[in-house]
Each structure stands twice: as structure tokens, then as C-alpha cells.
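The values are calculated or read from the model by the stated rules, or taken from the named source; none is laboratory data. Bear in mind the structure is a predicted one, so any value in this text is a computation, not a measurement. For neighbour counting, all protein chains shown are included, and Cβ atoms are generated from backbone atoms with ideal geometry for every residue, glycine included. For accessibility, only protein heavy atoms count, side chains too; no ligands or nucleic acids. Shrake-Rupley method; radii C 1.70, N 1.55, O 1.52, S 1.80 Å.
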Amino acid sequence: HSTARRDELLTFELYQREGVEWYILVYPDENKAKVYRLVEGQYMKEADFSTEAFEFDIGLCSVLLEFSRIW
């Protein structure tokens with residue numbers, strides 16, 4: 001479990017440094033996802049989701065992700 005957490009933190013830092021706009025951590029065993037958005041070079045948490053929907057604005061279009069349909 002500590003290895004997974006370390007990998008999660010390393011990926012988080014790498015994506016943030018490289019400017020990846022959206023970062024989603026998915027925990028299928030818990031039916032939960034954490035959504036982060038890059039704001040001024042730092043990830044800001046949008047929210048935790050399990051059954052909700054979230055609309056990702058990706059510039060010229062948007063993508064609606066219904067988390068309840070993932071599980």
C-alpha cells in the first residue's frame with residue numbers, strides 16, 4: 001500500500017511539473033475518484049466523486065464524465 005501511495009505522489013508531482021491540465025486518481029475498490037485541475041502551475045482539487053458527474057472543460061469542447069457509470 002505504501003508503494004502505491006509513493007507512486008501516486010511521484011506521478012502527481014511529475015504531471016504537475018509537466019503541465020498536465022487534469023489529473024484524476026481513481027480508487028475502484030472504494031468507488032471513488034479525485035479530480036485535480038492545474039491552476040497557475042499547481043494542482044487544485046476539484047472534488048471527490050463516486051456517483052456524481054463532472055464536466056471537463058478542455059478548450060474547444062467539454063467532456064461529461066459520469067462517475068456512477070464507471071463502477
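Mind checking the per residue accessible area of the chain for me, 1.4 Å probe, whole number of Å²?
Value returned for the chain: 74 Å² of accessible area per residue.
If you take every residue apart from Ser68 with its C-beta less than 13 Å away from the C-beta of Ser68, what net charge results, scoring Lys and Arg +1 and Asp and Glu -1?
0
Report, to the nearest whole %, how much of the accessible area of the chain belongs to carbon and sulfur atoms, 1.4 Å probe, protein only.
The computed percentage sits at 50.
Name the longest site-free stretch of the chain, where the excluded sites are GluC sites (Glu not before Pro) in a DSSP loop with no more than 16 other beta-carbon atoms within 10 Å.
1-20
Determine the calculated [θ] at 222 nm for the chain from helices alone, applying -39500 (n - 2.57) to every DSSP H run no shorter than 4 residues and normalising by the residue count; nearest 500 deg cm²/dmol.
Here the helix-only value at 222 nm equals -8000 deg cm²/dmol.
Once R0 is set to 25 Å, what does the formula 1/(1 + (r/R0)^6) return for the Cβ-Cβ distance between Phe56 and Arg5, expressed as a FRET efficiency to the nearest 0.05?
0.50
Can you tell me how much longer the chain between Arg69 and Trp22 gets when fully stretched, taken as 0.36 nm per residue apart minus their C-alpha distance, in nm with one decimal?
So the chain would gain 15.0 nm between Arg69 and Trp22.
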